[in-house]
Each structure stands twice: as structure tokens, then as C-alpha cells.
Amino acid sequence: MPFTYILYSDKLNKYYIGACSDLERRLYEHNIGHSKFTSLGIPWKIVYTEEYDTLAEAKKREKKIKDMKSRKYIEELLAKGRASRS
């Protein structure tokens, strides 16, 4: 199933927003330094997920969250109780 997800790094005190079809694989990639940005914040943890029927829908939601450019918006999503238990 495709997901929109938010990761959090204690080390950087930052969130990362993404979308993928295999959440466990993608988290693994982030935590082995697959991308330059996320390699700085290892270890990342999943703090929020939304499941979609298609990857296109998940990517559309990812873009919407990123377009908000707001930590406050992200933390409001987390506070609404839709946060992942991972």
C-alpha cells in the first residue's frame, strides 16, 4: 500500500515528509544514508503515516504537506492522533 509519511530526527530536531509504496524499505533507506539530507539525521523514526490506494494520491498529499512549509502544521497533524505507533 502507498503511504505518505513523516519521519522525525531527534539529532536534527527536524521532520522529513515523503511518499512511497514500501514504507519499511523506505525507512531502511533513510537510516542507511541513502539520501544526502536524511543521512545527517540518522536515526529517523516514523511519527506519522497516511495510507492511500495509489502512489499518485500519496504523492499529492506529500506535496500538500510540504507546500504548507510549516512545522506547526505538521505538529497539528501529529496532535490529531493520526500519528503512527512505530
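Quick one: would you say residue 64 is outside any loop (DSSP other than H, G, I, E, B) and without any contact (Cβ under 8 Å) to a residue 12 or more places away in the chain? Yes: the conditions hold for residue 64.
Output the residue which, of all residues in segment 28-55 that are hydrophobic (A, V, I, L, M, F, W, C) and without any contact (Cβ under 8 Å) to a residue 40 or more places away in the chain, is farthest from residue 1 (Cα to Cα). Even if it seems obvious, please write down each step before you answer.
Quick first cut of segment 28-55, residues hydrophobic (A, V, I, L, M, F, W, C) only: 32, 37, 40, 42, 44, 46-47, 55.
Remaining after also requiring without any contact (Cβ under 8 Å) to a residue 40 or more places away in the chain: 32, 37, 40, 42, 44.
Values: 32: 23, 37: 25, 40: 28, 42: 25, 44: 21 Å.
Result: 40.
Filtered by the rule that a residue be modelled with pLDDT of 95 or more, touching a Ser or Thr at 6+ places or on another chain (Cβ under 7 Å) and not in a helix (DSSP H, G or I), segment 5-44 gives 5, 16, 19, 41, 44. Selection of segment 11-26 for residues being farther than 20 Å from residue 63 by Cβ and touching a residue at least 12 places away in the same chain (Cβ under 8 Å) yields 11, 12.
The values are calculated or read from the model by the stated rules, or taken from the named source; none is laboratory data. None of the values given here were measured: they were computed from a predicted structure. No Cβ is skipped: glycine too gets one built from the backbone with ideal geometry, and neighbour counts run over all protein chains shown.
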